[in-house]
Every structure is written in C-alpha cells, then in structure tokens.
1. Here is a check on your reading of the model: is LEU162 out of contact with any Gly (no Cβ under 8 Å at 6 or more places or on another chain), farther than 19 Å from GLY67 by Cα and either among the charged types (D, E, K, R) or open to solvent by less than 60 Å² (accessible area, probe 1.4 Å) (or both)?
2. How many of the residues in the stretch 18-27 are assigned to a helix (DSSP H, G or I) and open to solvent by less than 10 Å² (accessible area, probe 1.4 Å)?
3. Quick one: how many residues across the stretch 244-274 are open to solvent by 10 Å² or more (accessible area, probe 1.4 Å) and either without any contact (Cβ under 8 Å) to a residue 24 or more places away in the chain or aromatic (Phe, Trp, Tyr) (or both)?
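The values are calculated or read from the model by the stated rules, or taken from the named source; none is laboratory data. The model shown is predicted, which means the values in this text are computed figures rather than measured ones. All Cβ positions, glycine included, derive from the backbone under ideal geometry; neighbour counts span all protein chains shown. SASA here: full protein model, heavy atoms, side chains in, ligands and nucleic acids out. Shrake-Rupley method; radii C 1.70, N 1.55, O 1.52, S 1.80 Å.
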Amino acid sequence: MWLTFAFLSAALLGLYDVCKKRSLAGNAVLPVLWINTLLCAGIFLPLILLSAFGALGAAGSLYIPLGDTHGHVLVAAKSVIVLSSWICGYYAIKHLPLTIVGPINASRPVLVLVGALLVYGERLNAWQWAGVLLTIFSLFLLSRSSQREGIRFTDNRWIGLLASAALLGAVSGLFDKYLMSPATQGGAGLDKLFVQGWYNQYQAIMMGLVFLLMTWQQHRKQSQTPVQRTPFQWRWSILLISLFLTAADLAYFYALSQPEALIAVVSMVRRGSVLVSFAFGAFVLHESHLRAKALDLLLVLLGMLCLYLGG
C-alpha cells in the first residue's frame with residue numbers, strides 16, 4: 001500500500017511542477033512562493049484550530065494535535081530545510097526547461113539512498129539497485145545533451161540552484177523518515193498530519209519574513225540605482241500549485257508512516273513526476289532536443305519499473 005501512495009504522490013508532483021512553470025514564466029518569484037506557502041498554510045489552519053478547540057476528536061482522520069515543544073522545534077527545522085529548497089528550486093525552474101528540470105530532480109533519491117544506507121541502515125534488493133543505477137546514468141546523459149542548449153552543468157548558476165534544491169530535498173526526505181518513524185525504531189514518532197499541518201504554518205511565517213526583507217532591500221537599492229524589476233502577475237495556476245502540492249504531500253506522508261516503507265524507494269518513486277512535467281514541456285511548451293532527452297526519460301521509466309518490481 002505504501003508503494004501505491006508513493007506513485008500517487010509522484011503524479012501529483014508532476015502537476016505541481018507544471019503549475020510552477022506556468023506561474024513563474026515572466027513573473028516575480030518571491031511573491032509566487034509566498035502566496036504558495038500562505039495557501040498551503042491556509043488549508044491546514046482550520047484543521048489545527050478545530051482540533052485545538054475540540055471540534056475534531058483525536059480519533060478522527062483530520063485531527064491535528066497541538067504537540068509539544070520538542071515536536072515543534074523538529075517541525076520548524078524541517079520548515080527551514082524545505083523553504084530553502086523551494087527558494088532554490090523556484091528560481092531554477094523559472095529559467096530552465098522543464099525537460100531538464102525533471103530529470104535532474106530525479107537524482108534526489110540517489111542522494112537519499114546514500115543517507116538511508118548510512119543513517120538508517122536500509123538495504124535494497126537487486127531490482128531496486130538497478131533502478132538507482134539507471135537513474136544515475138540518465139543524469140549523466142542529460143548533462144551531455146543539455147550542452148546543445150548552451151546549458152553547461154559546471155558553470156550554470158540555475159543548474160547550481162537546482163542541484164542545491166535537490167540536495168536540500170534529499171535532506172528533507174531523510175528527516176521526514178526520522179520524524180514519522182516510531183520511537184521504538186529510533187524515530188521521533190510524530191503524527192503525519194502534525195508534521196504537515198504545522199510545518200506549513202512555520203513555512204508561511206518564515207517566507208513572509210524573507211519576502212519582506214527582500215522587498216525592503218530591493219526598494220533600498222532601487223532608490224540608489226534604479227533597476228528594472230519583474231512585476232508580479234496573478235495567475236490561477238498559482239492556486240493549483242498549493243492544491244497539488246498538499247495532495248502530493250498527504251500521499252507521501254501516508255506512505256512514510258507505514259512501518260515497512262523504505263525512504264529510498266519512496267523518494268525514488270516520487271521522482272516519477274518527471275513523466276508529467278516532461279510531457280508538458282514537450283507537447284505544450286515545445287522545448288527543444290527532445291530526442292536526446294527522451295532517452296533520459298526512458299531510463300527513468302525503466303528505473304521506476306525496477307523499483308516497482310523490487311517493491
């Protein structure tokens with residue numbers, strides 16, 4: 001069952017990436033990100049309040065506990081990691097083709113795998129190792145084919161930001177496993193809705209502070225040396241970012257909450273979101289050099305199949 005929810009999360013994440021690309025094209029990044037965090041927080045705030053005032057019982061499926069100080073400190077730490085990853089990723093996806101962003105994001109499970117082996121002692125079977133190796137090879141091929149578009153992985157700052165987002169995302173994935181693993185297994189034993197509900201609240205507050213600070217700095221620089229800034233434009237796809245992300249996270253947290261779930265496999269399967277974003281980049285945005293990138297996509301598909309067979 002946990003693997004089924006991992007695949008559902010992957011499909012929703014693909015739609016999430018598509019909406020991000022639509023929202024950020026020719027648009028200001030920070031306002032889009034702040035609205036996204038506010039909307040995500042707004043989805044869970046009523047549940048937190050209803051739970052706090054007793055309208056939702058502790059036995060209910062939507063109940064979000066208040067938690068203790070230790071749990072909130074851990075969730076706030078997760079918020080810092082996730083928000084840092086989002087800031088890097090939003091800027092990267094604005095300036096890079098989706099057919100490059102998707103396969104690079106598929107490298108996150110490889111980073112998670114290293115951490116899972118070192119920290120949690122997880123072991124993968126032969127099928128799962130085959131899926132990992134196929135993903136690594138696809139990333140190598142992508143680095144070569146992207147040079148035809150003038151994008152060199154070694155000196156492109158947007159690639160650097162995307163790599164940073166992937167690394168921070170891997171750290172977040174490992175941390176999630178710790179947060180929601182039972183205390184008897186060395187984890188924090190936090191409720192999945194407690195983690196998702198409260199980290200969205202902290203993230204919205206943190207992003208608000210970042211947005212206000214960056215806006216103040218931009219206005220100060222504008223008064224000294226006038227520069228042209230990208231204006232913010234409201235688009236309905238901004239709303240869909242939050243909806244798809246929340247649904248994807250719900251499926252993801254449910255998968256991780258299962259005792260038999262392997263974080264390395266769940267994280268790898270979630271990278272199957274590349275299928276949705278690649279199709280959008282190819283058929284809607286008409287991005288270039290699709291034949292070479294299609295080989296990368298095929299390897300990702302084979303990797304997902306190997307993981308499914310191994311699971």
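1. Against the criterion (out of contact with any Gly (no Cβ under 8 Å at 6 or more places or on another chain), farther than 19 Å from GLY67 by Cα and either among the charged types (D, E, K, R) or open to solvent by less than 60 Å² (accessible area, probe 1.4 Å) (or both)), LEU162 does not qualify.
2. Selection size over the stretch 18-27: 2.
3. Of the residues in the stretch 244-274, 3 are open to solvent by 10 Å² or more (accessible area, probe 1.4 Å) and either without any contact (Cβ under 8 Å) to a residue 24 or more places away in the chain or aromatic (Phe, Trp, Tyr) (or both).
For (1) closer than 22 Å to ALA165 by Cα; (2) out of contact with any strand residue (DSSP E or B) (no Cβ under 9 Å at 6 or more places or on another chain); (3) modelled with pLDDT under 95, each residue gets a yes or a no:
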residue: TRP34; (1), (2), (3): yes, yes, yes
residue: THR37; (1), (2), (3): yes, yes, yes
residue: SER51; (1), (2), (3): no, yes, yes
residue: ALA55; (1), (2), (3): no, yes, yes
residue: LEU62; (1), (2), (3): no, yes, yes
residue: LEU66; (1), (2), (3): no, yes, yes
residue: HIS72; (1), (2), (3): no, yes, no
residue: ALA77; (1), (2), (3): yes, yes, no
residue: TYR90; (1), (2), (3): yes, yes, yes
